[in-house]
Amino acid sequence: MVRCACDATPDGQIQGTVVDHMRLFPLRPDVRWTYPVHEQILPALRRAGIPVEWTDIVVRHTGYVDEAVRRRKLDRDSRILERVLAESPEEPFVRFNLGFIAVEKGEWGKALEHFLVSLAHSEPEDSITRKLYALVAKCRQSLGRPDEAVAVCDDGLKIAPDDVELLYRKAVALRTLGARDEAEACWNRILTLKRPERFSSVDVGIYGHLTRRNLARIAEERRGWSTARLHWLETLRECPDDAEAKAALRQLESHGENDERREFA
């Protein structure tokens, strides 16, 4: 198993996601690919009783950076998946991928429908199940239903208590609902976790700068300038050219100067 680091796209539709992929496996008659899109070898390996070995190898994937190329791939994938769906309307992995395409097109209602069907026909131990809970939460949040987003995150966290994407999505929804303390607790918990050796697809920024940005803003609201500064500095360490972090740190410098003036007045 290796990790495939997908470059972010200029429009921000795809973030710097890292996906766990099987890239080296034995050539045997009983080891064959499954699915015509986003082909999977893991089901065959499991059926054959072949164990998975984890490595620290990272492969950089740039196939979706070019907008025109990405759109052509999405259109091609959608045509193939719709044909498969006509024959197997409840196939969870096909629904999962069609939902992903709908998300990229901003079709949140359509995406939610696909994800809910996929989730209903997936087992708790399936590699896509944790992701499905997070995607359902994202759709509900985007449709203006943050309370439902929190509820589905809680359902997913019963299966995977340390899933960072579920914690992150729950925090975003809680923040929308005005539950600042609860959101902060979720984001702080994320910073204590490391990516586990289990199949997943997640924006690795959640483990660092994406979470720290939110914690920095909460600290600023509480006038906790030193805490905010720490989070922005860590953000800048991960993203050296980040304009938001640089601007925030400049603003914090003025807060520090004003606090010192009040202290000695």
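The values are calculated or read from the model by the stated rules, or taken from the named source; none is laboratory data. The model shown is predicted, which means the values in this text are computed figures rather than measured ones. FYI the Cβ positions are ideal-geometry reconstructions off the backbone, even for glycines, and counts take in every protein chain you see.
For the reader, a short list of remarks on this structure follows.
- Residue that is farthest from Val18 (Cα to Cα), among those in the stretch 45-99 that are in contact with a Leu (Cβ under 8 Å, 6 or more places away or on another chain) and of a type in the set (Val, Ile, Thr): Val94
- Matching residues, the stretch 100-154, being basic (Lys, Arg) and either within 17 Å of Ser201 (Cα to Cα) or within 13 Å of the chain's Cα centre (by Cα) (or both): Arg130, Lys131, Lys138
- Looking at Ala185, Ala134, Ala171, Ala149, just one residue is of a type in the set (Gly, Ala, Ser), surrounded by fewer than 20 Cβ atoms within 10 Å (Cβ to Cβ) and modelled with pLDDT of 95 or more, and that residue is Ala185.
- Selection of the stretch 117-130 for residues being buried (at least 17 other Cβ atoms within 10 Å of the Cβ), over 17 Å from Glu82 (Cα atoms) and hydrophobic (A, V, I, L, M, F, W, C) yields Leu119, Ile128.
- Enumeration of residues in the stretch 223-249 that are among the small types (Gly, Ala, Ser) and surrounded by 19 or more Cβ atoms within 10 Å (Cβ to Cβ): Ala228, Ala245, Ala248
- Among the candidates Gly208, Gly144, Gly109, residue that is on the phi > 0 side of the Ramachandran plot and either surrounded by fewer than 20 Cβ atoms within 10 Å (Cβ to Cβ) or in contact with a Gly (Cβ under 8 Å, 6 or more places away or on another chain) (or both): Gly144
- Helices (runs of 4 or more DSSP H) completely within the stretch 18-111 that count 1 or more residues being touching a His at 6+ places or on another chain (Cβ under 7 Å), modelled with pLDDT of 85 or more and under 30 Å from Ala149 (Cα atoms): 92-104
- Selection status of Gly156, under 30 Å from Ala68 (Cα atoms) and either among the acidic types (Asp, Glu) or outside the structural domain of Ala228 (by TED's automatic domain parsing) (or both): no
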